[in-house]
1. Can you put TYR404, TYR155 in order of Cβ neighbours within 10 angstrom, beginning with the fewest?
2. List the residue ranges in the chain for DSSP H helices whose C-alpha atoms run 15 angstrom or more along the long axis and whose Kyte-Doolittle average is 0.0 or above.
3. Which whole-number percent is the relative contact order of the chain (Cα, under 8 Å, 6+ apart)?
4. Ranked highest first by the average count of other Cβ atoms within 10 Å around their residues, in what order do 94-105, 76-87 fall?
5. Ranked highest first by average number of other Cβ atoms within 10 Å, how do 11-21, 61-71, 174-184 line up?
6. Determine, for PHE396, PHE269, the number of other Cβ atoms within 10 Å of each Cβ, and report the residues in order from fewest to most.
7. Within the range 388-450, which GluC sites (Glu not before Pro) sit in a loop by DSSP and count at most 12 neighbouring Cβ atoms inside 10 Å?
8. Among 33-39, 247-253, 142-148, what's the highest-first ranking by average C-beta atoms within 10 angstrom per residue?
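Readers should treat all values here as calculations from the given coordinates under stated rules, not as data from a laboratory. Note that the structure is a prediction, hence the values are computed from the model and not measured. FYI the Cβ positions are ideal-geometry reconstructions off the backbone, even for glycines, and counts take in every protein chain you see.
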Amino acid sequence: MAQEAAPTLDFDPDALREKYRIERDKRLRADGNNQYLEVTDGFAHYLDDPYVSPIRREPCTDEVEVAVIGGGHGGLLIGAKLRKAGVESIRYIEKGGDFGGTWYWNRYPGAACDTEAYIYMPLLEETGYVPTEKYAKAPEILAHCQRIGKHFDLYRDALFQTQITELRWDEAKAAWNVRTDRGDNFHARFVCMANGPLNRPKLPGVPGIESFKGHSFHTSRWDYAYTGGDSYGNMTGLADKRVAVIGTGATAIQCVPHLGASAGELYVFQRTPSSVDVRANRPTEADWAQSLQPGWQRHRQENFSTLTSGGYAEEDLVSDGWTEIIGKLLRGRIGGDALGGFGGTPDPEAAGRVIEMADYEKMNQIRARCDATVHDRATADALKPWYRQFCKRPCFHDEYLLTYNRPNVTLVDTQGRGVERITEKGVVANGVEYEVDCIIYASGFEVGTALERRAGYQVYGEGGLALSEKWRDGVSTLYGMQTRGFPNCFIVGLAQVGASANITHVLEVQSSHISHLIQHAREHEVLTMDVAEEAEAAWVQKVMDASLANINYLESCTPGYYNNEGQPNGALIRRNGTFAPGIMAFSRIVEEWREEGNLAGLEFKRM
Ligand code: NDP
């Protein structure tokens with residue numbers, strides 16, 4: 001049983017709970033996700049790729065064994081595992097000009113991973129690479145993606161600068177018909193959709209956005225031709241410019257320090273502050289790198305995911321902000337493995353109370369950091385986040401708060417209202433027009449919108465059923481990776497899958513599962529592989545049962561993409577969300593299922 005210690009509190013939990021409620025209510029709005037502007041039509045240029053010259057090529061009309069959609073970490077892991085298993089015919093379809101996924105697009109100054117590179121960068125042992133620092137910077141991560149592509153010979157048949165327009169199951173051929181915006185029209189026996197959850201930029205839907213006469217771009221399409229410099233900063237082109245940044249999420253936290261150092265004047269428009277904890281980056285020690293034993297990366301990933309899902313481990317190998325927030329604080333209060341992991345708490349109510357107190361304590365620390373770092377009192381106050389730690393993505397940075405001590409940097413806090421308008425000359429907030437030369441939208445990516453809008457294509461399964469139609473009332477899968485009526489199709493996503501603060505660990509588990517199933521099909525002359533109705537229903541139920549505990553939490557949160565912009569539809573979030581017990585419990589389930597050997601719950605047609 002969880003035993004609640006009775007620590008002396010140096011804060012008033014009721015007062016904090018009330019303050020959080022008031023701050024949330026300020027930000028609730030009826031339009032939820034619809035507040036954002038879709039980047040289409042007159043705004044489509046915000047999607048242009050600034051990093052490559054357009055290529056020309058002939059369309060493909062042939063047949064391949066496996067089509068992998070997306071060349072980010074998820075797609076690369078699948079390709080690597082399939083190559084190791086001897087699959088020759090693998091074709092990537094990737095809208096970027098190279099491998100890298102989010103690291104292809106996000107080259108903004110200061111971009112770096114927020115989870116430790118030793119567990120975040122995939123396939124380190126296989127490629128013989130050790131990152132140069134604990135939190136590797138974007139160019140190093142992008143180069144590693146390219147390293148994986150070369151090491152596993154994945155460039156061979158890759159279609160870059162190519163966007164899927166439609167996937168359609170061809171019953172007669174028992175294969176997927178793949179169509180793209182370059183006129184490709186080919187077939188693939190298997191498709192793996194590894195598009196990533198955060199790939200379509202969005203803009204704030206404020207009036208006048210099209211009227212701005214200065215320069216503007218989204219952070220995921222950084223215009224270095226305009227700013228000068230590179231991912232490491234030194235943006236000399238901004239020395240005489242007045243620059244506005246809209247948004248203060250994880251992206252802004254990383255690019256604002258460089259903008260503050262380079263821009264003539266910088267205005268940061270804030271609607272909700274992020275929590276910004278200590279980062280403490282450091283170079284990799286050569287002795288440590290040499291001491292690593294085979295299997296070290298998986299062991300380290302599992303150690304991290306265990307601790308960050310409320311479980312117990314003898315040691316904390318990564319020992320960073322994530323394990324500190326979730327692990328040490330809780331264990332310090334409850335002791336041992338009393339939590340039993342978030343999904344299987346022995347006494348959820350008692351554990352919930354303890355977690356809430358630990359959360360207040362942690363957020364008090366975060367708020368104290370604002371006071372200790374920022375000289376101007378009003379600015380320090382405005383930078384304090386008033387919500388529970390996991391309502392928004394926690395951030396870690398050692399220069400972000402300090403940037404507000406620069407004389408050329410102004411925080412424009414909008415008290416939860418956001419910017420009001422864009423004019424020909426600049427940005428209006430709190431009734432004041434700020435004239436600027438350049439607006440940088442750090443306004444994030446589409447998360448809660450319809451699947452086909454985010455992916456940019458539709459998937460039609462057996463009988464021409466659209467996946468978005470099948471999932472109209474909620475996602476329905478077996479282990480988050482297959483869905484009935486869409487044979488030989490694999491999904492790499494977060495819905496109905498155990499999560500981790502280290503997304504690469506999730507992708508490792510998924511890619512192992514998917515490559516196992518594809519290998520099984522190849523070895524056993526399987527023509528098609530689909531999910532049995534009961535098996536899918538049972539998994540959906542398991543996911544929903546396990547996620548019960550999270551709904552109250554999400555409802556109490558300040559709006560953001562974690563809670564569908566303040567409109568957490570209980571049933572839908574439970575169904576479309578992750579498998580709450582987390583990646584460790586999830587990987588045990590799928591591994592045991594595979595070990596049983598009969599792949600129960602799948603239906604096969606033989607060749
Ligand atoms: P987010 O969606 O997290 O942030 C968007 C920001 O725009 C928010 O601060 C939002 O405010 C603000 N905003 C939206 N509309 C307005 C408006 N009208 N006026 C003012 N502000 C507005 O996007 P990010 O790109 O920052 O991050 C997305 C995700 O990408 C992260 O959560 C993380 O998962 C990932 N990421 C990971 C990194 C890493 O690992 N190193 C680095 C960067 C991102 P509000 O909060 O009020 O909605």
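1. Ordered from fewest to most neighbouring Cβ atoms within 10 Å, TYR404, TYR155 come out as TYR155, TYR404.
2. Values: long enough: 13-27 (21 Å, -2.17); 73-84 (16 Å, 0.08); 138-151 (19 Å, -0.35); 250-262 (19 Å, 0.78); 296-308 (18 Å, -1.75); 348-373 (37 Å, -0.67); 503-523 (30 Å, -0.15); 533-546 (20 Å, -0.34); 583-596 (19 Å, -0.36).
Helices meeting the criterion: 73-84, 250-262.
3. Worked out over the chain, it gives 20 percent.
4. Working: 94-105: 23.7, 76-87: 21.1.
Per-residue mean Cβ counts within 10 Å order the peptides as 94-105, 76-87.
5. Result, highest mean Cβ count within 10 Å first: 61-71, 174-184, 11-21.
6. PHE396, PHE269
7. GLU424
8. Ranking, from highest mean packing down: 247-253, 142-148, 33-39.
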